[in-house]
1. For a quick check: with amide H placed at 1.01 Å from N, whose amide H comes under 5 Å from residue 93's, ignoring anything fewer than 5 positions away on the same chain?
2. For the chain, what relative contact order do you get, as a whole percent, if you take Cα pairs closer than 8 Å and at least 6 residues apart?
3. Looking at the chain, what % of its DSSP beta bridges pair antiparallel, to the nearest 5?
4. Are any of the pairs 35/161; 75/173; 35/68; 47/153; 42/173; 173/204 more than 18 Å apart by Cα-Cα distance, and if so, which?
5. Report the per residue volume, in Å³, of the convex hull enclosing the C-alpha atoms of the chain.
6. Amide H neighbours of residue 51 under 5 Å, at least 5 residues apart or on other chains, H built in the peptide plane: list them.
7. With a 10 Å Cβ neighbour count serving as the proxy for reagent exposure, in which order, fewest first, do 194, 30 appear?
8. Which ³J(HN,Hα) values, rounded to whole Hz and listed in residue order, are derived for region 33-47 from phi using the Karplus coefficients 6.51, -1.76 and 1.60 in 6.51 cos²θ - 1.76 cosθ + 1.60 with θ = phi - 60°, glycine and proline given as x?
Amino acid sequence: MKRSKTSKKWMNEHIEDHYVHEAQRLGYRSRAAFKLLEANDKYQLIKPHISVVDLGSAPGSWSEVLSKSLAKEGKIIALDLLDMAPIANVDFIQGDFREDSVLLELETKLANQPLDLVISDMAPNISGIKAKDQSGIIHLNELALDFARKWLKPNGHFFVKSFIGAQFDDFVKEVRLDFKKVLTFKPKSSRDRSSEVFVLGQYKLDN
Ligand SMILES: C[S@@+](CC[C@H](N)C(=O)[O-])C[C@H]1O[C@@H](n2cnc3c(N)ncnc32)[C@H](O)[C@@H]1O
């Protein structure tokens, strides 16, 4: 039987509640944790001893996943516009990634050591004006890609949140220029009604 709109909505809300409860039960700051956990189960992004930058990290559930997985045996730098309560083994920078001074602060912390993984969950505050929101996230995506290009080791991985819409396909094409394998991923924990999708660039090419 075809599901009515109301029962679909009920099912989606129910699934959302499930992730909120699971986040509380497992001690994560937000349900966003499951997006990274699902991607990691499928694509094994987090490996022992890696160096990672987490862009758009607040309130911090991705950083918590990294911190739990790597303990002290890796390097985790997180960055967000908003403040983030401390997480063990995570070095946090508060600032706007679009600003040169903030990028410089991040690059200084890297101390010439290249990265194994760059993840970005950055998203602009949704205004409801589709064209504005879309260009906002694509701009953040481009900046994250520039950063990943510059700092990832050969064979490093890039995982970034985007929205399906204008310029999305062009962005994916751009990622293809620097990574051996590129795919899009919609985690089960990502809301159905959201145009959110993740792009994964695997195995950075040694261009
Ligand atoms: C969906 S939330 C990230 C959730 C996070 N991954 C977690 O697991 O807790 C998106 C974040 O991107 C941040 N953000 C948006 N634009 C940014 C920018 N220009 N520079 C730094 N952070 C930004 C927001 O402040 C927000 O905290």
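1. Result for residue 93 returns 78, 79, 80.
2. Numbers: 351 pairs, mean separation 36.2, N = 207.
In percent, rounded to a whole number, it is 17.
3. In the chain, approximately 40 percent of DSSP beta bridges are antiparallel ones.
4. Working: 35/161 10 Å; 75/173 30 Å; 35/68 16 Å; 47/153 14 Å; 42/173 22 Å; 173/204 14 Å.
As for pairs spanning more than 18 Å Cα to Cα, those are 75/173; 42/173.
5. Numbers: hull volume 27.7 nm³, N = 207.
Considering the Cα atoms of the chain, their hull volume per residue is 134 Å³.
6. When sequence neighbours closer than 5 places are left aside, the close amide H contacts are 75, 116, 117.
7. Numbers: 194 11, 30 18.
The order, fewest Cβ neighbours first, is 194, 30.
8. 3, 5, 5, 6, 4, 5, 5, 5, 4, 7, 10, 6, 7, 9, 10
None of the figures in this text is laboratory data; all of them are computed from the coordinates on show. This is a predicted model, so every value here is computed, not measured. Every residue, glycine among them, receives a Cβ derived from its backbone with ideal geometry; neighbour counts consider all protein chains shown.
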